[in-house]
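Chemist: First the structure, then my questions, so here it is.
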């Protein structure tokens with residue numbers, strides 16, 4: 001019985017670690033084709049240029065693709081995802097307005 005407890009604790013710790021390393025839950029079933037593309041060339045959390053330090057950390061949040069400069073930014077994103085999604089929506093509107101202006 002004494003050997004089972006440490007083993008169970010180890011399994012529990014491994015499960016918690018795995019759960020903590022996963023990106024935010026995505027309740028919708030979307031394909032890559034259906035995802036809203038990431039509109040920025042910078043990290044939505046820090047403003048750092050993507051790819052300068054390391055390859056971007058890419059994941060899906062609801063119906064959109066999110067890119068962060070590193071996995072460490074994921075914690076900040078998870079604290080207030082609405083704040084960062086709002087930044088992306090503003091960037092999308094600005095990009096669309098610029099494209100519409102250029103086509104005129």
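Chemist: Being at pLDDT 95 or above and surrounded by fewer than 16 Cβ atoms within 10 Å (Cβ to Cβ) narrows it down to one of 49, 2, 67, 33, so name that one.
Modeler: On the way: 2 fails: at pLDDT 95 or above; 67 fails: surrounded by fewer than 16 Cβ atoms within 10 Å (Cβ to Cβ); 33 fails: at pLDDT 95 or above.
Unique residue meeting the criteria: 49.
Chemist: If you scan region 59-104, which residues turn out to be over 14 Å from the mean Cα position of the chain (by Cα) and not in a helix (DSSP H, G or I)?
Modeler: Start the filter on region 59-104 by keeping residues that are over 14 Å from the mean Cα position of the chain (by Cα), which leaves 89-104.
The one that is over 14 Å from the mean Cα position of the chain (by Cα) and not in a helix (DSSP H, G or I): 104.
Chemist: For region 57-88, how many residues are free of Cβ contacts under 8 Å to residues at least 12 places away in the same chain and out of contact with any strand residue (DSSP E or B) (no Cβ under 9 Å at 6 or more places or on another chain)?
Modeler: Summing the residues that are free of Cβ contacts under 8 Å to residues at least 12 places away in the same chain and out of contact with any strand residue (DSSP E or B) (no Cβ under 9 Å at 6 or more places or on another chain) in region 57-88 gives 6.
The values are calculated or read from the model by the stated rules, or taken from the named source; none is laboratory data. Computed from a predicted model, the values in this text were never measured in an experiment. For neighbour counting, all protein chains shown are included, and Cβ atoms are generated from backbone atoms with ideal geometry for every residue, glycine included.
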